[in-house]
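Okay, so here's the structure we're looking at.
The values are calculated or read from the model by the stated rules, or taken from the named source; none is laboratory data. From a predicted model like this one, the values you see are computed outputs, not experimental measurements. Cβ atoms come from the backbone with ideal geometry, glycine included; neighbour counts cover every protein chain shown. Accessible surface is based on the protein model in full, side chains and every heavy atom, while ligands, DNA and RNA are left aside. Shrake-Rupley method; radii C 1.70, N 1.55, O 1.52, S 1.80 Å.
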Amino acid sequence: MILTVNPNRMELLKLKRRLELAIRGYKLLKDKRDALIQIFVKLVQENKEARETFDKKMRECMNEFLLATLYMGENDQNSIFLFPQRKTTVTAEYQNIMSVKVPRFRVKEEGKLYTYGMIKASPELDNSLKKYHEIVPLMVKMAELDKAIILLTEEIEKTRRRVNALEYVMIPNLKDTIKFITMKLDEMARSANSAIMRIKEMIRGE
Amino acid sequence: MSNIAIIGEKEIVIGFSLIGFQLFPVTDSVEAKDALEKCTTDGNCQIIFITDNIAQLVIDEIEQYQRISPISICILPNRIQDSKLSIEMLRKNVEKAVGTDILFRKEE
């Protein structure tokens, strides 16, 4: 498609500069896309493996916890679980992967874990709580990996669209327009030339 | 307040209260949606864990929030069988990014 511009030398120069820029941008973005995909594939494999082990461990923890709390009444449960003293927070630090800011979480724990009395709670509860406590870093790691995958997916999609837009729309359009302007300018030069020749002929004829 | 939230069935998530997470015990999709919205608009929350059974009810919302908010939403496995949902989401993302399913193609 030819862009709507005036066919003159100024425009031609401008378009040539734009074409140069577009080609440079296209090459850079293509490199970025390839690098992103490389990192992405590595991350996906890591995520898949981590997910498999995490699922298994988490399921064990859940089942153990359910068994431990099975014989507890509603009141006992409330008295044990409603007033926790522990507080777990995460602080996010951002790592830059090809201009995508991927969070890295750091876990911070405060307060006591076992806050309930010995009479109402069973030893199984202690064990299952310990397991829940041990799996927290894994959970946070999993959340981190999931987020990284989503952020990278979006960035790859965006970059791919840009690369395609440059490759199949922008650069061909600019090339077509440049060709059109050069042809128009040549045509104008030729017509001017022939006009001069005709006038010369007329003068000589007199 | 903790900035890790956990949404799910009461009998599973209640244990995490002693670990120090913010609890959202829910039973149906309406409650789950409310909890998700509360967590995402809260401004303090960094990670949301959601159990597989509940996630299945609000999968569209999860996908939407994952895209628009900086919060990390992670799906916990089902306690009986293998969780297909998290792997399915991973597969979807891979397809979106690479254009083809490079993870599970060989196994099928």
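Computed quantities for the displayed model
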| read-out | value |
| --- | --- |
| Loop chymotrypsin sites (Phe, Trp or Tyr not before Pro), the range A:101-198, which have at most 16 other Cβ atoms in a 10 Å radius of their Cβ (DSSP) | A:114 |
| 10 Å Cβ neighbours from other chains, averaged over peptide B:43-49 | 4 |
| Relative packing of peptides B:17-24, A:56-63 - highest average C-beta neighbours within 10 Å first | B:17-24, A:56-63 |
| Kirkwood-type radius of the range B:4-79, with distances r between different C-alpha atoms, in Å | 12.1 |
| Neighbour cut-off at most 16 other Cβ (10 Å), DSSP loop, trypsin sites (Lys or Arg not before Pro), the range A:74-127 | A:112, A:120 |
| Cα Rg, Dmax (largest Cα-Cα span) when computed across the range A:83-206, Å | 36.6, 128 |
| Average accessible surface area per residue within chain B, 1.4 Å rolling probe, Å² | 45 |
| Sequence-distant residues sharing a close amide H with residue B:78 (under 5 Å, placed H) | B:52, B:83 |
| Interface A:B - total buried accessible surface [probe 1.4 Å, Å², rounded to 100] | 4200 |
| Among A:136, A:94, B:27 - extreme Cα towards positive end, dipole of the protein assembly as shown, charges at beta-carbon | A:94 |
| Residue-averaged beta-carbon neighbours from other chains (10 angstrom radius) around A:82-88 | 5 |
| 3J(HN,Hα) from dihedral phi, the range A:164-174, Karplus parametrisation 6.51/-1.76/1.60, rounded to Hz, x for glycine, proline | 5, 4, 5, 5, 9, 10, 4, 5, x, 4, 4 |
| Relative contact order computed over the range A:9-196 (Cα-Cα under 8 Å; 6+ residues apart), in percent | 36 |
| Neighbouring partner chain Cβ atoms per residue of B:1-13, average, 10 Å criterion | 4 |
| Calculated SAXS-style log₁₀ I(q)/I(0) at q = 0.09, 0.11 Å⁻¹ - the protein assembly as shown, Debye, Cα scatterers | -0.59, -0.77 |
| Chain A - percent of accessible surface contributed by carbon and sulfur, probe 1.4 Å | 56 |
